[in-house]
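Undergrad: Okay, here's the structure, questions in a sec.
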Ligand code: BGP
């Protein structure tokens, strides 16, 4: 039997995207970003050679897009404010009044339509000139970031509901220094650790600048978090999971929320001489300026086991020295993106935040399903009939609902994404939106999931078979 799952009053229903993935270049003037640079240098690294020049052309279509937000049930939406647009002179110097005018008009239209503005600052889009100075490996780039953050607080402080310093700060470290999927494509753990540390410092310094302004909004960070599950209860598997968790979950979560670094990680990095350079007053700043709100991006769980093979010690130091991914037999996959679908992970994540991070006010800031060739599912009118996405959303949200019933302070759910947008090196391969995009004409069409989302937001919930909630108090094991 189905039960109607009602969410708390004023629950944030919406979605998210970022400047580099949706805006297109526009005519305000914009500094070159690392993505534009990498695309110029290496277009073959981008799916079907599609780069970030036009993307979803939101810059020219934002009025129509705000109307579509409304039509798909948004009461809140996360954008990012492009550093390169705000500071077209290489990311520093004088703020760009044309950029301010663009974002102010977008935000006032959103607010007038009853859509709260969730503004994130950095979403992978480093101005190239600053990358040339070392990106977040360089202390002076932390100062440039704080200059940019402060300019945003001053220009939009009266329009933004909640602020975020970074989206998935782990992403550029993994991609840029360990796994070769972001510029600068290095394989160098110690340099990555320095960039990670200065990212954490930049977060704290921005929060400090925010607090000096006494705005009504809150500020926090958006982290990609996956619960880490060991293959078995064997001590070696448990240790592998613990180390993996320290590298990928606690590394940013602890300092950005609690103001401290996980000892498991710092001890291990010191043993292998991989610690970044750190000053005591920087640690103090991090301790004193922590997140007031937390965004949780959840896509898939992390499953690990003890390593089967010996390490090549001549190779570069990497987290994988201590564990291996466990390819769990029977797992369900999103075959297009290659990510496991495991809804209960979102519940375990919320419980972790409740129990180990002071139950900080949080929301699901990204969750979603990228599917290739969605034209296959179009009906005669051109609407994508994406029942798989509707099921994906419901199955995850039912677990979120359960977590809330068990006391988690989760205030909203934002899907990735609103209109199909550009996915970094995957370009437009996998589509995530509630609204489909015709790349040739830029025509937007609401998908079946977009209609569903509106209905769910209007009713503040949906009917669901709750016996499916395995592993929770309600569903049993
Ligand atoms: C998150 C990012 C987004 C978005 C999403 C989907 O990690 O914050 O920018 O891209 O993942 O992933 P992908 O685009 O790689 O398919």
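Undergrad: Please return the ranges of strands (runs of 3 or more DSSP E) entirely within the stretch 54-170 where 1 or more residues are within 16 Å of the ligand (Cβ to nearest atom) and more than 22 Å from residue 196 (Cα to Cα).
TA: Output list reads 76-80, 116-122.
Undergrad: If the requirement is being touching a strand residue (DSSP E or B) at 6+ places or on another chain (Cβ under 6 Å) and either under 29 Å from residue 198 (Cα atoms) or touching a residue at least 60 places away in the same chain (Cβ under 8 Å) (or both), which of these qualifies: 382, 345, 358?
TA: The unique qualifying residue is 382.
Undergrad: Need the failing condition index for residue 439 against (1) part of a loop (DSSP other than H, G, I, E, B); (2) on the phi < 0 side of the Ramachandran plot; (3) more than 16 Å from the ligand (Cβ to nearest atom), just the number.
TA: Unmet for residue 439, out of (1) part of a loop (DSSP other than H, G, I, E, B); (2) on the phi < 0 side of the Ramachandran plot; (3) more than 16 Å from the ligand (Cβ to nearest atom): (3).
Undergrad: Moving on to the next point. Any chance the stretch 379-399 includes a residue that's buried (at least 21 other Cβ atoms within 10 Å of the Cβ), under 23 Å from residue 162 (Cα atoms) and touching a helix residue (DSSP H, G or I) at 6+ places or on another chain (Cβ under 6 Å)?
TA: Within the stretch 379-399, none of the residues are buried (at least 21 other Cβ atoms within 10 Å of the Cβ), under 23 Å from residue 162 (Cα atoms) and touching a helix residue (DSSP H, G or I) at 6+ places or on another chain (Cβ under 6 Å).
Undergrad: Further question: Kindly check whether there is at least one residue in the stretch 144-155 that is more than 30 Å from residue 191 (Cβ to Cβ), out of contact with any helix residue (DSSP H, G or I) (no Cβ under 6 Å at 6 or more places or on another chain) and surrounded by fewer than 20 Cβ atoms within 10 Å (Cβ to Cβ).
TA: Yes, the stretch 144-155 contains at least one residue that is more than 30 Å from residue 191 (Cβ to Cβ), out of contact with any helix residue (DSSP H, G or I) (no Cβ under 6 Å at 6 or more places or on another chain) and surrounded by fewer than 20 Cβ atoms within 10 Å (Cβ to Cβ).
Undergrad: Now, a different point. With the requirement that a residue be out of contact with any helix residue (DSSP H, G or I) (no Cβ under 9 Å at 6 or more places or on another chain) and within 16 Å of the ligand (Cβ to nearest atom), what does the stretch 1-31 give you?
TA: 16, 18
Undergrad: For the stretch 393-412, how many residues meet the condition of being farther than 12 Å from residue 472 by Cβ and either in contact with a strand residue (DSSP E or B) (Cβ under 9 Å, 6 or more places away or on another chain) or without any contact (Cβ under 8 Å) to a residue 24 or more places away in the chain (or both)?
TA: Looking only at that region, the number is 9.
Undergrad: Just one of 238, 201, 186, 215 is surrounded by fewer than 22 Cβ atoms within 10 Å (Cβ to Cβ) and assigned to a helix (DSSP H, G or I); which is it?
TA: Among 238, 201, 186, 215, only 238 is surrounded by fewer than 22 Cβ atoms within 10 Å (Cβ to Cβ) and assigned to a helix (DSSP H, G or I).
Undergrad: Let me ask you something else. Looking only at the stretch 100-119, which residues are surrounded by 24 or more Cβ atoms within 10 Å (Cβ to Cβ) and in contact (Cβ under 8 Å) with a residue 60 or more places away in the chain?
TA: Hit for the stretch 100-119 is 118, nothing else.
Undergrad: On the given criteria, is residue 423 within 16 Å of the ligand (Cβ to nearest atom) and either surrounded by fewer than 22 Cβ atoms within 10 Å (Cβ to Cβ) or at pLDDT below 95 (or both)?
TA: yes
Undergrad: Any chance you could count how many residues in the stretch 399-420 are within 16 Å of the ligand (Cβ to nearest atom) and assigned to a strand (DSSP E or B)?
TA: Number satisfying all stated conditions: 4.
Undergrad: Could you tell me which numbered condition residue 373 fails, if it satisfies all but one of (1) within 16 Å of the ligand (Cβ to nearest atom); (2) farther than 23 Å from residue 258 by Cα; (3) in contact (Cβ under 8 Å) with a residue 40 or more places away in the chain?
TA: Just one mismatch for residue 373, condition (3).
Undergrad: Those residues that are touching a strand residue (DSSP E or B) at 6+ places or on another chain (Cβ under 6 Å) and closer than 24 Å to residue 436 by Cα, I need them from the stretch 25-62; list them, please.
TA: Listed by number, the list holds a single entry, 56.
The values are calculated or read from the model by the stated rules, or taken from the named source; none is laboratory data. This one's a predicted model, so the numbers in the text were calculated from it and none came from an experiment. Note that each Cβ is placed from the backbone with ideal geometry, even for glycine, and that neighbours are counted across all protein chains shown.
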